[in-house]
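Reading through the structure tokens given below for one structure.
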Amino acid sequence: MKLAYRVFIVTLTLLSLVFATFAQTDNSKRSAKDDRNTAPTVGTGGPTGGPTGLFTVYDGQTLRRGEFTFSAAVSNYDRDPGNVDITEVPVSFQVGLTNYFELFFNTDAYRGIKVNSPRNLSGFYLPNSRINGISPAAIIMGPRGPAPGPYSGQAIFRPAGSQPFVQYPYFGGSSGTFGLVPPFFSGPLFGFPAGTNAQMGPTLAGGGGNAADNFPGIGSVYGSILPGIVLQTTTIVPPTGGPGTPAPTVFTLAPSYLPDAPLLNRTWGTSAFSTYTVGGKWRMTGVNNPIGFGIMGGYRWYQDSPDDFGGFNQLQRGASPGGSWGDILLGVFADARLAKWANISGNVNYNYNSSIKADLPSGESTLLDRGDELMFALGVDFPVNKWFQPIAELRATRYVGGRTPNAFEQHPIDGLIGARVFPARWWGIGAAYRINFNQQDADIFDDEERFTARTTVLCPGVTTTPQGIGCAPFTAETSFTGVPPGFQPSTDPHGFIFQVWVGRRNARLEDKVNQFANVTAVSVSDETITLPCPAGTIPAEGQTCNDRTIVDVSTTAVDPENDTLTYNYTVSGGRIVGSGKDVQWDLTGVRPGTYTITAAVDDGCGFCGQTQTRTVTVEECPSCKSPCDCPTLTISGPAGTTAPGDSMTFTANVSGGPAVT
């Protein structure tokens with residue numbers, strides 16, 4: 001059934017995001033001029049890895065449709081309480097389903113946890129744990145017998161070395177002597193038969209809902225399977241002498257646990273493939289918008305369950321937080337391109353974390369109520385060029401919501417600085433230095449805030465009674481400010497990230513190199529224009545004159561990219577009538593001479609291509625005459641004087657003109 005619930009949750013979370021992107025059909029490509037590249041996040045220490053972003057910060061980008069990436073990394077970081085050093089090898093896969101939505105998957109191929117201050121963690125105080133070979137002193141809820149005893153349910157001091165080794169699930173195992181010396185046994189003080197020691201369990205219902213249940217003889221009076229811790233003790237010697245009895249001086253009633261691995265009880269533990277996350281990231285703004293904004297969602301579940309010894313053992317090795325029903329991850333992300341070489345990204349995420357539950361002999365029990373996580377992150381990156389990208393990040397996590405009290409709860413604040421190198425846009429490597437700014441060192445504790453708690457010590461010493469040697473319980477109190485005495489402050493807050501990724505990226509939109517448009521031919525209707533004869537004259541016989549001074553011009557141009565063309569004509573005389581590839585050249589009124597026309601075309605770059613020039617000659621009519629052509633009359637007569645009475649002969653000759661009589 002748990003698997004069915006998980007599948008149902010994953011389906012609702014992802015499909016609600018995927019269906020919202022079906023209408024997205026933009027196939028825009030990234031510009032080749034943009035130096036910024038995309039890579040998946042590493043995550044760890046709170047945020048999940050896999051979505052596109054920086055090292056732990058999600059930026060406003062998503063993979064474009066058909067792009068995908070595989071990523072593997074090594075991440076080392078520090079957490080408190082416990083001065084814990086965690087090394088993880090997260091691997092992830094992401095794929096772009098549309099230009100706005102990407103799907104991602106993440107898991108931990110390896111996890112190693114080193115605990116430098118085990119006394120600060122309650123997991124080391126469980127019945128199957130030892131510090132320096134003995135069971136450590138703890139503050140537990142008093143065991144509960146068939147009928148509650150006088151100290152059942154109270155905060156009870158369990159002296160060091162008094163808890164026998166009992167394997168999980170602990171129920172029915174001995175809670176030990178609580179420091180009593182036989183023939184005195186602890187059983188009657190907690191409602192068990194005389195001559196027996198108290199036993200652990202069964203579970204008692206807690207505060208309802210997801211609140212942790214109570215585990216008598218094991219856990220804290222605040223609920224959960226984890227006990228309160230004892231940092232310092234003293235020895236009380238009875239007035240009558242005899243052996244001294246240990247009593248706590250510095251302790252907590254609430255447990256102290258690491259949210260990343262609350263049941264941890266190994267100083268060094270390793271695991272693999274214990275946490276899985278699947279989710280989606282949806283960008284809501286246009287892919288070419290310099291401001292990116294969107295939401296992400298996911299479901300995280302854990303391989304190991306405390307239902308059996310093997311799963312609980314893995315959780316004690318620090319394999320995972322162990323939430324039984326998985327976690328719902330929600331967040332918003334945004335980024336802004338401040339300049340070609342600068343980008344800023346911000347996230348707000350909320351992880352709804354499930355409690356740690358187990359099917360125990362007494363029924364389903366809540367071992368620990370995990371707090372939710374509210375995370376804030378800010379990152380800047382500088383794509384110096386398409387090969388190199390410096391990155392700086394600052395992030396904070398706060399544990400919120402109802403949860404099992406954590407005596408030394410610490411809300412981590414991390415800083416990262418590093419860089420990524422992209423030998424190609426589809427693969428690269430990255431490295432970063434990581435630091436925990438607020439580790440639990442001596443400076444983190446408030447010197448003015450006083451911590452106070454009380455607990456019952458069953459046998460501070462032995463006294464003589466009418467019945468013989470007995471026990472006189474009393475109340476111990478702790479009160480301190482600043483660093484608790486016996487607390488081991490944290491050191492070495494430094495960590496690192498190293499990442500490598502490889503995948504596929506769509507081709508970028510290269511700058512379009514304009515190919516010039518060329519004029520290949522220009523034709524003119526006339527190459528020579530003969531001007532009309534002057535007024536009052538006509539062409540001579542056999543001569544003609546072209547009195548039409550308008551020339552038809554037709555231009556042929558070619559553009560390899562079929563761009564829209566604008567035609568331009570330059571003439572040395574006359575004027576152009578019309579526009580486009582077919583125009584008229586009006587030479588009316590020009591003087592005789594040679595005139596040129598040059599045709600050019602513009603495809604957007606100006607008149608950059610080849611032009612063509614044609615020449616038209618304007619000349620005068622070579623022979624003009626009067627429109628009236630009269631004949632010429634010549635008369636010849638006698639050569640000498642003619643005497644009176646003699647006859648005279650005259651000759652008339654007509655030349656030219658029409659035939660006359």
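Quick rundown of the values:
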| read-out | value |
| --- | --- |
| Filter pass, Leu374 being within 30 Å of Gly173 (Cβ to Cβ) and hydrophobic (A, V, I, L, M, F, W, C) | no |
| Tabulated pairs, the stretch 255-282, first farther than 25 Å from Gly371 by Cβ and assigned by TED's automatic domain parsing to the domain that holds Glu373, second basic (Lys, Arg) and buried (at least 23 other Cβ atoms within 10 Å of the Cβ), C-beta under 9 angstrom, 6+ apart or interchain | Thr270/Arg111; Ala272/Arg111 |
| Subset tally (residues that are surrounded by 19 or more Cβ atoms within 10 Å (Cβ to Cβ), of a type outside the set (D, E, K, R) and assigned to a strand (DSSP E or B)) for the stretch 92-107 | 8 |
| Selection count, the stretch 422-449, where residues are within 20 Å of the chain's Cα centre (by Cα) and either within 20 Å of Val115 (Cβ to Cβ) or of a type in the set (D, E, K, R) (or both) | 2 |
| Residue match in the stretch 263-278 (condition: of a type in the set (Lys, Arg) and buried (at least 23 other Cβ atoms within 10 Å of the Cβ)) | no |
| Matching entry among Gly66, Gly60, Gly43 (being assigned to a loop (DSSP other than H, G, I, E, B) and either under 22 Å from Asp327 (Cβ atoms) or without any contact (Cβ under 8 Å) to a residue 12 or more places away in the chain (or both)) | Gly43 |
| Qualifying position, being charged (D, E, K, R) and over 40 Å from the mean Cα position of the chain (by Cα), among Arg144, Arg111, Arg119 | Arg144 |
| When residues of the stretch 369-399 are limited to those that are outside any strand (DSSP E or B) and not aliphatic (A, V, I, L, M), the one farthest from Thr52 (Cα to Cα) | Asp369 |
| Tyr302 being within 22 Å of Tyr77 (Cα to Cα), of a type outside the set (A, V, I, L, M, F, W, C), touching a Pro at 6+ places or on another chain (Cβ under 9 Å) and free of Cβ contacts under 8 Å to residues at least 40 places away in the same chain | yes |
| Residue in the stretch 388-399 that is surrounded by fewer than 16 Cβ atoms within 10 Å (Cβ to Cβ) and over 30 Å from Ile140 (Cα atoms) present | yes |
| Of all residues in the stretch 142-171 being more than 17 Å from Ser224 (Cβ to Cβ) and among the small types (Gly, Ala, Ser), the one that is surrounded by the fewest Cβ atoms within 10 Å (Cβ to Cβ) | Ala147 |
| Long-range neighbours under 6 Å by Cβ, at least six apart or interchain, first residue under 12 Å from Tyr58 (Cα atoms) within the stretch 323-335, second hydrophobic (A, V, I, L, M, F, W, C) | Gly331/Met296; Val332/Ile295; Val332/Val348; Ala334/Phe293 |
| Residue that is nearest to Ala72 (Cα to Cα) [pool: residues in the stretch 503-519 that are in contact (Cβ under 8 Å) with a residue 60 or more places away in the chain and surrounded by fewer than 12 Cβ atoms within 10 Å (Cβ to Cβ)] | Ala507 |
| Residues being of a type in the set (Asp, Glu) and modelled with pLDDT under 95 - total across the stretch 349-373 | 2 |
| Selected residue (criterion: nearest to Ser554 (Cα to Cα)) from residues of the stretch 603-623 that are over 53 Å from the mean Cα position of the chain (by Cα) and part of a loop (DSSP other than H, G, I, E, B) | Thr611 |
| In the stretch 176-192, residue nearest to Pro246 (Cα to Cα) [restricted to those that are touching a residue at least 24 places away in the same chain (Cβ under 8 Å) and assigned to a loop (DSSP other than H, G, I, E, B)] | Gly179 |
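Listed here are the residues, each with its yes/no results for (1) surrounded by 16 or more Cβ atoms within 10 Å (Cβ to Cβ); (2) charged (D, E, K, R); (3) farther than 18 Å from Gly402 by Cβ.
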| site | (1), (2), (3) |
| --- | --- |
| Asp304 | yes, yes, yes |
| Asn313 | yes, no, yes |
| Pro321 | yes, no, no |
| Gly331 | yes, no, yes |
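To keep it simple, each residue is scored yes or no on (1) in contact with a Ser or Thr (Cβ under 7 Å, 6 or more places away or on another chain); (2) in contact (Cβ under 8 Å) with a residue 40 or more places away in the chain; (3) not β-branched (Val, Ile, Thr).
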site	(1), (2), (3)
Ile356	yes, yes, no
Ala377	yes, yes, yes
Val384	no, yes, no
Trp387	no, no, yes
Ala392	no, no, yes
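The values are calculated or read from the model by the stated rules, or taken from the named source; none is laboratory data. No experiment lies behind these values; they were computed from the predicted model shown. So basically every Cβ, Gly included, is an ideal-geometry build from the backbone, and we count neighbours across all protein chains shown.
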